[in-house]
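The structure appears below as structure tokens.
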Amino acid sequence: MTTEADDAHAVITQAARILVLRRDLGRLRTQVEALAEALADALDDPGPLVATAPHWAALDDGEYAAELEALASWVRDVLRPNYGGYVDTVLRDCWAKHFAAVWELGTLRAEWLRIYNAKRPPLADALVWHDRWLPGVLGRLRPVMKSCTAAADGCAMDQPAHTKAAPWTTR
Ligand SMILES: [Zn+2]
């Protein structure tokens, strides 16, 4: 037989349980929201998914022209304005006529885009790009264009801008 006191105690106990459950539910909601935000960030971040190196020798004329235009835009709008201090001492305006420069800069751009298109650019990759990849490209291209001049006809390279054959077979 229950008394009113027992009933009151049962109600209080139930109320306490409800408060605890409500508190736990609030914590779970916070955790779910944090997980959902992390998942959305991961899905929105296409960085690693777009990391493809251009394979210039596999492109047809139209693809090559489009890729070269994109590369030229990057060189003009990103590379020279931001790194002109040391890029301009190496890179001549005729760079697109040098297959070595097209390959080197195309690969450099692909990595730059992979890093900086990410929602949160990875610091370690950015440091490697600046400390290793950019100086490496400039060091290898320096002898390639050392005898070229700014004049339109001052390029030591005399070859078509693109051929379907792999560049190494056209020499
Ligand atoms: Zn040249």
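For the stretch 104-115, backbone phi angles converted through the Karplus equation (6.51, -1.76, 1.60; θ = phi - 60°) give residue-by-residue couplings of 5, 5, x, 6, 4, 5, 4, 5, 4, 5, 4, 6 Hz, Gly and Pro being listed as x.
Label sites at R27 and T107, each approximated as a point 7 angstrom past Cα along Cα to Cβ, lie 5.2 nm apart.
Just so you know, all these numbers are worked out from the coordinates, no wet-lab data involved. The structure presented is a predicted model; accordingly, all values stated were derived computationally and were not measured. Positions of Cβ are backbone-derived with ideal geometry, glycine not excepted, and every protein chain shown enters the neighbour counts.
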